[in-house]
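What follows is calculated from the coordinates using simple rules that are stated; it is not laboratory data. Computed from a prediction, not measured in an experiment: that's the story for all the values here. As a convention, Cβ positions derive from the backbone with ideal geometry for all residues, glycine included, and neighbour counts pool all protein chains shown.
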Amino acid sequence: MRHKLLPLLALLLYCGLALHQLKLPGFYYDEALDLPPTLQLVHNQPVELMPHDPGLQVFGRTLPLMILDYLGAVNTYLLLPVFAFIGASGVAVRLFEVALGVIIVALSHRLARDWFGEGIAHVTALLLAVNPSFIFWSRMGISVSSVMAVCSLGSLLALTRWRRRGGHAWLGIAGLLLGIGLWAKFLFLWWLIALAAVYILLELPRNQVSRPIFASIRESSRTLVSFSSAFLIGTGPLIYFNLRTGKTIENISQALNAPTDHGINNLHVLDNFRTALDQFRIFLDGSYFWYNGEIQSNPWAVRIFVTSLVIVGLLVWRRPRAEQRRTLAVLILMAAIIAQSAFTVSGIWATHDFILVPFPQLIVALAAFGLWHLADGGNRQDTKFRGSLGVFIKWAARVFSAVLVLSLFAGDLSTTQRYYASLVKFGGYGRFSDAVYKLAETLDAEQLTAPAALDWGLQKNIFVLTNGRVQPIEIFGYSPEPDEGFPERVAAMLCDGCVFISVDPRYAVYPRDEAFRQIATNLGYEVILDESGIFREHSGQPAYLLYRVHQVRN
């Protein structure tokens, strides 16, 4: 009975950690990237589509298909009931993301249980529940990471159930989730390729006694229709978007022939792979979250993972044949995704490795239980571990297996707690500062509904934080230096008493403040930045700036 409570303990532990200080760090632009259309739909306002999105006309309403050329509007629709019933806010968005995290922990436990048994499932879920990378990315919901993880784990679990029970329902669920995952972000293609690698390496070589994973598809047209129809429904918006525009394919083609916007040359395969491995290290030790105030990490995480990987590799052949194949499937999935992460249409970041949860934790659990069962000698007839030496080896193996799990658990929990201490101290750095809440409140209270934004990262999060009442207008232009049209855009926004908002120059992506001041002065305006227009981090360092403009009267 106590063992039955461990999954619940993992869920409670995750919720306790993920919900702690939920407003910190500040509500970030990328968290709101796909949510302005949600608010516009809730408020029955015209939906502003991305530049290339043709939209879909339904009952007189225009529905968005994509947020970026490679990022679908999945979260846009998932948040509709949340905003409709409890309103839009940073906390509402993060509560929803934590709810997805709960689903991921539950799916991780269920998949590990179905593949390897309850003990390994319990350990996997508990390790995942305290992992800092999982906690901080799942609660911030950047780049629809959680949605992709739900789709990857859900599809794998559905395929497992279909293999064991048959029937079209499970295969249909798998197809639908795979389609939705691909629509959510084209990066999900990594998962589809990884599944194909598992099939080619593990299923095709099997003899006819064991049914290949897609044997029934070949044997039954109804099964083929079930899977294909569900997949096409899930990925339908992405297909329609590309039939109309071809922009996703064009985006990928450009990434093959020229550096991405973030300077990644996909032809530099070895350099990119080394970067991908380093980002995987960051994913393991949790050292990504500089914006929480201080970089923290679990110094033992990588060593524990590598040690566990070696142990699993050495002991995999001692496991029953079915578990051998599942262990190899986990290794192939991880290897395939890490290898593919060296190719990108944007940058090579540890955030992309979120799709791997909970496989690193599962590897550690497999290693620990492998050592434990090795210490048991496999069966009662095994004579390896008899005598005093055998007793010593047996207990040494058991102690080492416990150390693997407990040290990773304690190290990740400590890292997570240290991050929260940093958040209390700093409140987040720069664009992640909780000063964004005060900025949004000020704009809303003064009914400054359309301030001009002089830098990136101010529009969508403020729009959500004010429930659509304040919509900053981006005038900075996406170029390193002010483009030829920047003075004209500034002039169009200038008026007596209007405001311009920006980010402190330390954090500027597109520095425009000095150019803006000069343009305003030349046109006869005075730009005022007083203390009421400076929104500071906990340290006192400015994070956001609000310029008030007044016309100079002769």
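All other residues with a Cβ under 11 Å from the Cβ of V144 taken together, and with Lys, Arg as +1 and Asp, Glu as -1, what is their net charge? List each step's numbers first, then the result.
Values: positive: K185; negative: D30, E31, D34, E97.
Charge balance in the 11 Å sphere: -3.
Arranged from highest to lowest average of other beta-carbon atoms within 10 Å per residue, in what order do the peptides 240-250, 323-333 appear? Intermediate results must be reported in sequence, preceding the final value.
Details: 240-250: 15.8, 323-333: 18.6.
Per-residue Cβ counts within 10 Å, averaged per peptide and sorted highest first, yield 323-333, 240-250.
Full extension of the chain between Q324 and V403 gives 26.0 nm of extra length, using 0.36 nm per residue less the Cα-Cα distance. In the chain, Cα pairs under 8 Å separated by at least six residues give a relative contact order of 17 percent.
For the chain, the mean residue ellipticity at 222 nm estimated from helices alone is -18500 deg cm²/dmol, where every DSSP H run of n ≥ 4 contributes -39500 (n - 2.57) and the total is divided by all residues, rounded to the nearest 500. With a Förster radius of 35 Å applied to the C-beta separation of L243 and L80, the computed FRET efficiency comes to 0.90. Applying a 4.7 Å Cβ-Cβ cutoff to the chain, the cysteines left without a disulfide-compatible partner are C15, C151. Against the chain, whose longest principal axis comes from its Cα atoms, helix 145-165 is set at around 30 degrees.
Nearest-5 percent of antiparallel DSSP beta bridges in the stretch 430-551? Please report the intermediate quantities before stating the final value.
Numbers: 12 of 16 bridges.
Antiparallel bridges: around 75 percent, rounded to the nearest 5.
Give the cross-link partners of K394 among the aspartates and glutamates, using a straight C-alpha distance below 20 Å as the criterion and excluding same-chain residues fewer than 8 apart. Cross-link targets: D376, D382. Hey, if you put +1 on the Cβ of every Lys and Arg and -1 on every Asp and Glu Cβ in the stretch 17-85, which of V82, L49, L71 ends up farthest toward the positive end of that dipole? Checking the options against the dipole of the stretch 17-85, the answer is V82. In the stretch 452-505 the Cα-Cα distances spread across 5 Å bins starting at 0 as 4, 19, 25, 26, 17, 7, 1 percent of all pairs.
Between E531 and I252, the simple spin-label model (points 7 angstrom out along Cα→Cβ) gives 5.6 nm. Here the stretch 3-426 is treated with +1 on each Lys and Arg Cβ and -1 on each Asp and Glu Cβ, and its dipole about the Cα centre works out to around 1760 debye. Per-peptide packing, taken as the mean over residues of other Cβ atoms within 10 Å, places 257-269, 281-293 in the sequence 281-293, 257-269 from highest down. Leaving out same-chain residues fewer than 8 places away, which aspartates and glutamates sit with a Cα under 17 Å from that of K247? List returned: D53, D69, D261. In terms of Cα atoms, the Rg and Dmax of the stretch 26-70 work out to 11.2, 37 Å.
According to the square roots a ≥ b ≥ c of the eigenvalues of the Cα gyration tensor, what is the shape class of the stretch 258-371, taking rounded for a/c under 1.5, prolate for a/b larger than b/c otherwise, and oblate for the remainder?
oblate
Given the pairs K185/K425; K185/K460; K23/K185, which are separated by over 29 angstrom at their Cα positions?
Too far apart for the 29 Å limit: K185/K425.
Taking square-rooted eigenvalues a ≥ b ≥ c of the alpha carbon gyration tensor, is the stretch 430-551 rounded, prolate or oblate, where a/c under 1.5 means rounded and, failing that, a/b exceeding b/c means prolate? Rounded.
Normalised by residue number, the volume inside the convex hull of the Cα atoms of the stretch 109-201 is 106 Å³ per residue.
Take each of the peptides 191-199, 79-87, average the number of other beta-carbon atoms within 10 Å over its residues, and list them starting from the highest.
On the way: 191-199: 18.2, 79-87: 15.6.
Peptide ranking by packing, descending: 191-199, 79-87.
As a length-normalised measure over Cα pairs under 8 Å and 6 or more apart, the relative contact order of the stretch 430-551 settles at 30 percent.
The value of relative contact order for the stretch 468-522, using C-alpha pairs under 8 Å at least six residues apart, is 43 percent.
Volume of the convex hull of the stretch 1-153 (Cα atoms only), normalised per residue: 132 Å³. How much FRET efficiency would the formula 1/(1 + (r/R0)^6) give for Q447 and V269, where r is the Cβ-Cβ distance and R0 is 60 Å, rounded to 0.05? Calculated transfer efficiency: 0.65.
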